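The values are calculated or read from the model by the stated rules, or taken from the named source; none is laboratory data. Computed from a predicted model, the values in this text were never measured in an experiment. So basically every Cβ, Gly included, is an ideal-geometry build from the backbone, and we count neighbours across all protein chains shown.
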Amino acid sequence: MDHKEKALWEIRNEKNKAGVRWLLIFIIVPYLSYLLHTGKSVEIGQKNIFNWYYILTVASFVVGVNLIVTFILFHAAKIGHIRPSIKYLTMTADFFAVALVMIPTGGNESMFFTINYIVIVSNALRYGLRIAILGTIVMNVFYIGVLAFQHYPEMEVQGIQKEILKVGGFWLVGIYTGYLSMRFEVLRGEIENYQYLLAQALRKK
């Protein structure tokens, strides 16, 4: 895969991620609004920050990220080049958005924790082991932040073994998915090389 083909491939990947992001916005924002309106939220922490301003802030953040990404992708498609840093920035923004959604939905017990797996698997499959390791580290930092916010000021985490298993499982999924992606890229390169050698041999005949 030459440089231009790789750039177009990354642009398609980021467009797909942006599409999924729009879908999640239209699902999660109404759900958060429903929780706030009915009083059924399971907010963590001592500050009671979950209100309409909080929902608006989360929605504005994700929409803003997606609009910026859409503009960047439009420009990148015209010039046939995209900055490699874009995939890292969008992944970090996705993990941060998930952490924000976890705060009013139960913290470490939030059902939205599983979205972290979707983010890491989708990025690791597309981009390989390096982004899988970095993404896992970023997710861990944000998740520790959620736990710290949830248990402040006592800072005594209940069920620490369960949390270690969750984080360990996330590392396993991220690294293994990245490894599979890396192996696939190696095999694809070998196949392309064999195809080239075969074409050369047929030309000589």
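Points worth noting:
- Count of region 81-97 residues, restricted to those that are of a type in the set (Val, Ile, Thr), over 24 Å from Ile164 (Cβ atoms) and assigned to a helix (DSSP H, G or I), is 2.
- One residue from Trp22, Trp9 being modelled with pLDDT under 90 and either surrounded by 12 or more Cβ atoms within 10 Å (Cβ to Cβ) or hydrophobic (A, V, I, L, M, F, W, C) (or both): Trp9
- Test: Ser60 is among the hydroxyl-bearing types (Ser, Thr, Tyr), part of a helix (DSSP H, G or I) and over 18 Å from the mean Cα position of the chain (by Cα): no
- Pair list, Cβ under 7 Å, 6 or more apart: region 107-135 residue more than 13 Å from Gly178 (Cα to Cα), other residue charged (D, E, K, R) and assigned to a helix (DSSP H, G or I): Asn108/Glu163
- Index of the failed condition, Ile11 passing every other in (1) of a type in the set (Val, Ile, Thr); (2) within 23 Å of the chain's Cα centre (by Cα); (3) farther than 16 Å from Lys78 by Cα: (3)
- Among the residues listed as Asn48, Asn16, the single one being assigned to a loop (DSSP other than H, G, I, E, B), surrounded by fewer than 16 Cβ atoms within 10 Å (Cβ to Cβ) and either free of Cβ contacts under 8 Å to residues at least 24 places away in the same chain or within 23 Å of the chain's Cα centre (by Cα) (or both): Asn48
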